[in-house]
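Trainee: The structure follows.
The values are calculated or read from the model by the stated rules, or taken from the named source; none is laboratory data. On a predicted model such as this, the values are computed, not experimentally measured, just so you know. Neighbour counts are summed over all protein chains in view; Cβ atoms, including those assigned to glycine, are modelled from backbone coordinates with ideal geometry.
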Amino acid sequence: MGMISFLNYFNYQKTYRQLQVSRVMVIGRDLRQAVEAGLNFGLAPQSNAQLEGALARAREQTNGLDFVVVVDEAGGKLSGVGEPSPVQDWRARLAAIGNEASWQGQDAGSYQVGLPYRNSFGVTVGAVVLGYNKGAIDRETASMRGTLLIDWLNATALFGVLAFLGVWGLTRRFESELTQSKAALGVAPGDALPVLHLPLLGPEIEKGIPELLRQCRAAEAALDGAALNPAR
């Protein structure tokens, strides 16, 4: 159960982050399309008034989105809303992106999705970078980790109690059958043979004890008869 809880946590963490990436990626594609549409009309991102409004609306309407910036091929900021960390690796990301449609990264306070945009000649000339709050995601996954831990402890305690009660009940029955067997073996020679019920010890012992007593009594009777008639 501990292993199941451990795997469930990491599956939840992975799925939750993938959902956040997908949510941000949809917004990023729309913004990249707006940048490329402006480039096709000869408008640089910093001169595209409609783009500025789209960036502002994206941040306002998207929960947890810290910043949206448009950068050039050198990683320099051209336009955007919100303030990313001043130390970023966007230039290196763009240089290594190749034909990939996006990249994912992070800094001290945010997870990031970068979507390179291209001019009308198909040349990568910059990227739209969206940063969403790392603390909110980490708190959400930490909350699930705590929930799974509590569930695991409760389940372990419950099964521990049930196991104890089960073993206790089983040993009580076993002890009862051993006591019954001991009493049967100590029955007086003149008493009736005991009728035993020993489901845990099994039918062999249940039938074997009376049979053993019967054979012992037969042997004793034969010995007594031989003692009374030595000539025979």
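Trainee: How about segment 7-17: which of its residues are of a type outside the set (Val, Ile, Thr) and either without any contact (Cβ under 8 Å) to a residue 24 or more places away in the chain or in contact with a Cys (Cβ under 9 Å, 6 or more places away or on another chain) (or both)?
Mentor: Of the residues in segment 7-17, the ones of a type outside the set (Val, Ile, Thr) are 7-14, 16-17.
Listed by number, the residues that qualify are Leu7, Phe10, Asn11, Lys14.
Trainee: In the list Leu51, Leu153, Leu130, Leu55, which residue meets the criterion of being assigned to a helix (DSSP H, G or I) and under 30 Å from Asn8 (Cα atoms)?
Mentor: Working: Leu51 fails: under 30 Å from Asn8 (Cα atoms); Leu130 fails: assigned to a helix (DSSP H, G or I); Leu55 fails: under 30 Å from Asn8 (Cα atoms).
Of Leu51, Leu153, Leu130, Leu55, the one residue that is assigned to a helix (DSSP H, G or I) and under 30 Å from Asn8 (Cα atoms) is Leu153.
Listed here are the residues, each with its yes/no results for (1) surrounded by 13 or more Cβ atoms within 10 Å (Cβ to Cβ); (2) of a type in the set (A, V, I, L, M); (3) out of contact with any Asp or Glu (no Cβ under 6 Å at 6 or more places or on another chain); (4) not assigned by TED's automatic domain parsing to the domain that holds Leu55.
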position	(1), (2), (3), (4)
Asn99	no, no, yes, no
Gly146	no, no, yes, yes
Leu149	yes, yes, yes, yes
Leu170	no, yes, yes, yes
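Trainee: Determine whether Val69 is hydrophobic (A, V, I, L, M, F, W, C) and at pLDDT 85 or above. Working first, answer last.
Mentor: Working: hydrophobic (A, V, I, L, M, F, W, C): yes; at pLDDT 85 or above: yes.
Yes.
Trainee: Pairs under 9 Å by beta carbon, first residue farther than 17 Å from Pro199 by Cα in segment 158-178, partner not in a helix (DSSP H, G or I), six or more apart or different chains?
Mentor: Correct list of pairs: Phe159/Met1.
Trainee: Which numbered condition in (1) more than 34 Å from the chain's Cα centre (by Cα); (2) under 18 Å from Asp30 (Cβ atoms); (3) of a type in the set (A, V, I, L, M) is the only one that Leu130 fails?
Mentor: For Leu130, the failing item is (1).
Trainee: Do the conditions hold for Leu158, that is, is it under 24 Å from the mean Cα position of the chain (by Cα) and aliphatic (A, V, I, L, M)?
Mentor: Details: under 24 Å from the mean Cα position of the chain (by Cα): yes; aliphatic (A, V, I, L, M): yes.
Considered against the rule, which asks whether it is under 24 Å from the mean Cα position of the chain (by Cα) and aliphatic (A, V, I, L, M), Leu158 comes out as yes.
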